[in-house]
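The values are calculated or read from the model by the stated rules, or taken from the named source; none is laboratory data. This is a predicted model, so every value here is computed, not measured. Please note: Cβ atoms are built from the backbone with ideal geometry, for glycine as well, and neighbour counts cover all protein chains shown.
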Amino acid sequence: MKRILLTTLVGLSTLALGVGAVALLASARGGTGGGQLAAGLTAAVFATLAVIAIVWGAAHVIVGVPLRRHRPWSRLMALMLGSVDLVLLPYGTALGAYALWVLLSEGGKNLFAEHG
């Protein structure tokens with residue numbers, strides 16, 4: 001749950017950086033064209049990264065709630081998210097590896113086995 005909140009916080013802070021870049025763009029109206037282009041590009045990059053981080057955090061929340069309730073389908077979804085987390089250096093790699101280790105262990109498999 002903490003990593004989900006951290007991912008969402010990163011998304012929100014990146015969005016704040018994008019808003020700051022937009023403010024720089026607005027204040028640079030009388031400046032050179034290169035400055036406006038750089039501020040606009042920075043704002044677009046930060047806004048895009050912020051949306052991706054917020055969506056990624058929301059996906060973890062959507063899967064995390066049923067995972068805590070031991071829903072069998074949520075284990076598969078968490079395995080997929082954890083696999084993608086492996087490429088998000090450095091924290092995502094560690095947390096993704098831990099998620100895969102826990103969910104693929106015999107105890108993890110038994111915890112999510114369907115009864116009936």
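Of the residues Leu79, Leu49, only one is at pLDDT 75 or above and farther than 30 Å from Gly108 by Cβ; which?
Criteria check complete, one pass: Leu49.
Give the number of residues within the stretch 88-115 that are without any contact (Cβ under 8 Å) to a residue 12 or more places away in the chain, under 18 Å from Ile52 (Cβ atoms) and hydrophobic (A, V, I, L, M, F, W, C).
Total meeting the criteria: 2.
Could you list, in sequence order, all residues of the stretch 23-41 that are surrounded by 17 or more Cβ atoms within 10 Å (Cβ to Cβ) and modelled with pLDDT of 70 or more?
Within the stretch 23-41, just Ala39 meets the criteria.
Asp85 passes all but one of (1) closer than 30 Å to Val19 by Cβ; (2) in contact (Cβ under 8 Å) with a residue 24 or more places away in the chain; which number fails?
Failing condition for Asp85: (2).
What helices (runs of 4 or more DSSP H) lie completely within the stretch 69-112 and have 3 or more residues being surrounded by 17 or more Cβ atoms within 10 Å (Cβ to Cβ)?
It comes to 72-85, 91-104.
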